[in-house]
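A quick write-up on the structure given underneath.
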Amino acid sequence: MTDLFPAAFVDRHIGARREADIKHMLNAVGLDSVDALAAAAVPDSIKQDAPLQLGRALSEPEALAALRELAGKNTPRVQMIGQGYYDTVTPPVIRRNIVEDPAWYTAYTPYQPEISQGRLEALLNFQTAVEDLTGLEIANASLLDEATAVVEAVLLMRRANKNKAAAGGKTVLDADLFPQSIAIVKGRAEALGFEVEVADLSAGLPEGPINGIVLQQPGASGLVADATGLIAEAKERGAMVTVAADLLALTLIKSPGEQGADIAVGSAQRFGVPLFYGGPHAAFMSVHKGLERQLPGRLVGVSKDDAGVPAYRLALQTREQHIRREKATSNICTAQALLAIVASMYAVYHGPEGLKAIAERTHAHARSLAAALESAGVEVAHRSFFDTVTARVLGRAAAIVDKAEKAGVNLRLVDADTVGISCDETTTADHVATVAGVFGAGAAGDGLDAHASSEAAAFAIETPAVRTSSYLTHPVFHAYRSETQMLRYLRRLSDRDLALDRTMIPLGSCTMKLNATVEMEAITWPEFAGIHPFAPDSQTAGWRELIAGLEADLAAITGYDQVSIQPNAGSQGELAGLLAIRGYHHSRGEAQRDVCLIPASAHGTNAASAVLAGMKVVVVATAADGTIDHADLEAKIEANRESLAAIMITYPSTHGVYDADVREVCELVHAAGGQVYIDGANMNALVGLAQPGKFGGDVSHLNLHKTFCIPHGGGGPGVGPVAARAHLAPFMPGDAAAWQGGPGEHGVPVSASRFGSAGVLPISWAYVKLMGGEGLTEATKSALLAANYIAKRLDSSFPVLYTGEGGLVAHECILDLRELTAKTGVTAEDVAKRLIDYGFHAPTLAFPVAGTLMVEPTESEDLGEIDRFIDAMIAIRAEIDQVGAGEFAVAESPLRRAPHTAAAVVSTEWDRPYTREQAAFPGKVRTQDKYFAPVGRIDGAAGDRNLVCACPPLDAFED
Ligand SMILES: *Cc1c(COP(=O)(O)O)cnc(C)c1O
């Protein structure tokens, strides 16, 4: 601590590390050491009894060397397995300037649209590309993966189908769906109690009422067939229709919308996003107009700011789980924003002609391969396909896949008689020749020219399925074709936004801490990024060692027995944990236990996940001090004694305090036969100090994109590992590609691939190794110190709503604006928007209490930045007092008129009752560091009334 150079990583990660700074902060808090603070804040009843043992902290070069060694144990091969994952070229300009650029990856979810215009535009481009390619009017800004997108579509159909004869009917999945999609649907359907039938729909629809059907184009077997007739027949019978589609294939084949589908879903992975051993990848969903209010996930729309300038913001937010709780349309919160942005920019970069050229080349390679196989006497399953050739090789499949592996190519072993070969953007004529050779076929023709050959011409997409409509006609998909233009476009967009590379983002519950560069470095290494999720284990030893190591470290940190990193967001960890609880009760013959108690203050995903796990939500009241109301808890337990499945509590609570009686709450629930789910999103207040697995939890999820340094990416990726005690271990998520989902089968998978968003795990792995047990514990204490310092300094300006033992908070604090609002009319939202003029991202607004701001500084901010924030808040309080004193009306105040754009403050007309200086350079804002919001206050409601969710014409912005 005294020896600043060469510094240990912990001294880089923790912001306030200087002795004098720590003393200054402790003084304000009124304690003499950080240990005394931790000892006073954390209740004795839960304190961890032994320090974390995670081995010696590594230096940055050591951590990179260790990662290199792990990477070296993976073997990148030519990946022709397909099954939803295809190799692709990430254009370097996109890799370096998005994936590796903190301006993009450290941004938060765009809930504050005025400082998020850049990423909102990129996400709108994504939506527009998906809408065009799928032929449906409204697309969301990403889902978690293709298989979970399929299940979201199934659930949407079950909500939206109002046809009396069909609505209650079964869900029918075509047998040519990817096995992982079928498994995920079966797992959810079992919990929710609806019937699923898997049928070969090329033979027609099954008998009986059908709620909805799901088709896949191209099918898992590669088949491309026009489904217009089948879709019309399904609709005739009152069923709704979802098509799982491949975006690249859609440049050549008739879109789902044109075939009559209501919904399209799929993965945007092959639009420039590496394989990443299974994720993160952006899935998409698009729907017909009329279904937009049912759409899960986030939706970017166009509205206007207070000067009438077109501006983007998230639309129809009242659909979202954080508002609707158990009535939510889905539990998706964190999705795959960064990956959607990458995919959108791949479309911007290549444009429609470029995408089509890539698709045609991919198709040509597949055709020449099929021709070579057929001419050598190998049976090829279909003549109409896009990229995937299915070969029938009676009993020889395993031997062929093995032989291909030895030749450096991974193929898909479908079954003993069937091999799948998928071509992609990276396929070359050499690859095709190698594969043909493995099958004993001669030369495959010379690649690109081969499709002109007569044999290859015998394989063509059947005419009715050929696409004739145009797509990506918007100028954005044509304007940035040179790298110079592309680079500047990316820079222009990111310059509009505030991310962690410019300011602290003090978002309570979201833990926006440092995403260190050293932690990020490994994720794009080919030995990690280039691995297919279904590659044989012999090629993935490094990955699996890294994952097992991280799981073991997380188990040690949380005090649980077992961890699965499969869930690819916190919401999915919740679902996995609740499904584990459900499986456990069922296995003990207590299937009637289906009530989940959830405190009123819980995050909206908790209730939504409980419903998706087939549980009934019973809300437990909050006491005046912010803790769980014990009388109400006991009454609710009593009323549901026989049917109690679980309680979901967040610890420390969403109110930012350590409830001293959490053990007692856990014991009450256990005594009634229930299980305890502890939402670990607030683990940043616990690491090294207390362990949920030891103080009463049976299962928890963590948010690696909060506590463990995976950047938020503007709304994803995330990783939400589920951690459980031993009795729940058999119910942890299984492998969707292998899971059969028979009655009572354990291990319901929650993600398409075994290890979920594996690709970003090196970040958390590195964080834990760089910090070590002691460093992690110091980080927690520093987070407590920073939060308590802010609470003490701001309490007289904005009263801190809840405190725990000794008047202390945990790692965050809620600032209560309600009295000020009642007196002056200035709202918490006004403060959030005014902070933008001071160059800050707002704290969490209106969660968990309306009319408040929740501040979480994290351990990564130094005293200078924390003080800059405090000063801004105090200056804002003075402005509120100006309103209170009648100096100006609230409607005319710099608070309500915030944020101020450069255009507003330089305009010739200035009729506001405050100066331009106060508008643009309030408090201590330095002219040379000034951030101007690109748009003024956005009118969200106007945008919702007139919903536009595609790129507007460019001239909308000329004025
Ligand atoms: C962030 C958060 C979640 C949800 O996590 P996602 O990764 O966004 O799905 C759940 N509970 C709490 C308390 C959270 O803060």
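Laboratory data are not the source of any read-out in this text; all were calculated from the coordinates shown. Please read all numbers here as calculations on a predicted model, not as lab measurements. Backbone-built Cβ (ideal geometry, glycine too); neighbour counts: all protein chains shown.
Helix 337-375 and the longest principal axis of the Cα set of the chain meet at an angle near 20°.
In the range 226-342, the inverse of the mean reciprocal separation of distinct Cα atoms equals 16.4 Å; this is its Kirkwood hydrodynamic radius. From the square roots a ≥ b ≥ c of the eigenvalues of the alpha-carbon gyration tensor of the range 816-959, which class results: rounded (a/c under 1.5), prolate (a/b over b/c), or oblate? Rounded, since a/c falls under 1.5.
Checking the a/c ratio against 1.5 first, then a/b against b/c, what shape does the Cα gyration tensor give for the range 182-254?
Because a/c hits 1.5 or more and a/b fails to exceed b/c, the range 182-254 counts as oblate.
Taking all Cα pairs closer than 8 Å and separated by 6 or more residues, the relative contact order of the chain comes to 20 percent. Could I get the Rg over Rh figure for the range 110-347? Both from C-alpha atoms, Rh via Kirkwood, rounded to two places. Taking Rg over the Kirkwood Rh, I get 0.96. When the charge dipole of the chain is built from unit charges on Cβ atoms (+1 for Lys and Arg, -1 for Asp and Glu) and taken about the Cα centre, the candidate among PHE921, SER757, PHE386 whose Cα reaches farthest toward its positive end is PHE386. Each Lys and Arg adds +1 at its Cβ and each Asp and Glu adds -1 at its Cβ; summed about the Cα centre, the range 110-347 shows a dipole of about 720 debye. The mean of 1/r over all pairs of different alpha-carbon atoms in the chain, once inverted, gives a Kirkwood hydrodynamic radius of 28.7 Å. With angles folded into 0 to 90 degrees, how steeply does helix 146-160 sit against the dominant principal axis of the chain? Use alpha carbons for both and round to 10. Around 80 degrees separate the two axes. In this rough spin-label picture, where each label sits 7 Å from Cα along the Cβ direction, the ALA416-ALA28 distance is 7.1 nm.
Annotation for the range 525-552 versus the range 289-341: alpha-carbon center distance of 34 Å. Once the chain from ARG392 to ALA889 is taken as fully extended at 0.36 nm per residue, the excess over their C-alpha distance is 171.2 nm. Given the options PRO526, THR473, ASN515, identify the residue whose Cα lies farthest towards the positive end of the charge dipole of the chain (+1 on Cβ of Lys, Arg; -1 on Cβ of Asp, Glu). Sorting the options by dipole projection puts first THR473. In this rough spin-label picture, where each label sits 7 Å from Cα along the Cβ direction, the ASP501-ARG588 distance is 5.1 nm. Selection among GLN112, MET80, VAL42 by position relative to the dipole of the range 25-124 gives MET80 as farthest towards the positive end (Cβ unit charges, Cα centre).
Between helix 828-837 and the chain there is an angle of about 80 degrees, using the helix long axis and the longest principal axis of the Cα atoms. Specify the inter-centroid distance of the range 917-953 and the range 123-153, based on alpha-carbon positions, in whole Å. Here the two parts' Cα centres lie 27 Å apart. Potential lengthening of the chain between SER470 and THR318 amounts to 51.4 nm, from the contour at 0.36 nm per residue minus the alpha-carbon distance. Evaluated with a Cβ-only charge set (Lys, Arg +1; Asp, Glu -1), the chain carries a dipole of roughly 780 debye about its Cα centre, given to the nearest 20. You can think of it this way: the chain between ARG96 and GLU774 has 240.7 nm of extra reach, that is 0.36 nm per residue less the Cα-Cα gap.
What is the packing order of peptides 125-132, 575-582, taking the mean over residues of other C-beta atoms within 10 Å and listing the highest first?
Going from most to least packed, we get 575-582, 125-132.
Would the range 804-854 count as rounded, prolate or oblate if I go by the C-alpha gyration tensor, calling it rounded below 1.5 in a/c and otherwise prolate when a/b exceeds b/c, oblate otherwise? Judged from the Cα gyration tensor, the range 804-854 comes out oblate (a/c at least 1.5, b/c at or above a/b).
Protection proxy ranking of 750-762, 304-316, 278-290, by the mean of other Cβ atoms within 10 Å over each peptide's residues and highest first, is 750-762, 278-290, 304-316. Take each peptide in 816-824, 265-273, 842-850, count the other Cβ atoms within 10 Å of every residue, and average; sorted highest first, the result is 265-273, 842-850, 816-824. Diagonalising the gyration tensor over the Cα atoms of the range 423-563 and scaling each eigenvalue by 5 before taking the square root yields semi-axes of 42, 30, 15 Å, largest first.
Computed from point charges on the beta carbon alone (+1 for Lys and Arg, -1 for Asp and Glu), the dipole magnitude for the range 793-945 about its Cα centre is near 520 Debye. The distance separating the Cα centre of the range 44-110 from that of the range 762-801 comes to 23 Å. Ordered by the count of other Cβ atoms within 10 Å of each Cβ, fewest first, ARG188, ARG481 give ARG481, ARG188. By other beta-carbon atoms within 10 Å, ranking SER142, SER33, SER860, SER181 with the fewest at the front produces SER33, SER860, SER181, SER142.
Of all DSSP beta bridges confined to the chain, the antiparallel ones make up roughly 55%.
Taking other Cβ atoms within 10 Å as a rough exposure proxy, SER344, SER587, SER470 sort from fewest to most as SER470, SER587, SER344.
Can you give the Rg/Rh ratio of the range 703-852, where Rg is from the C-alpha atoms and Rh is the Kirkwood radius? Here Rg/Rh amounts to 1.09.
Qualifying GluC sites (Glu not before Pro) in the range 151-235, where qualification requires a DSSP coil assignment and no more than 14 other C-beta atoms within 10 Å, comprise GLU195, GLU207.
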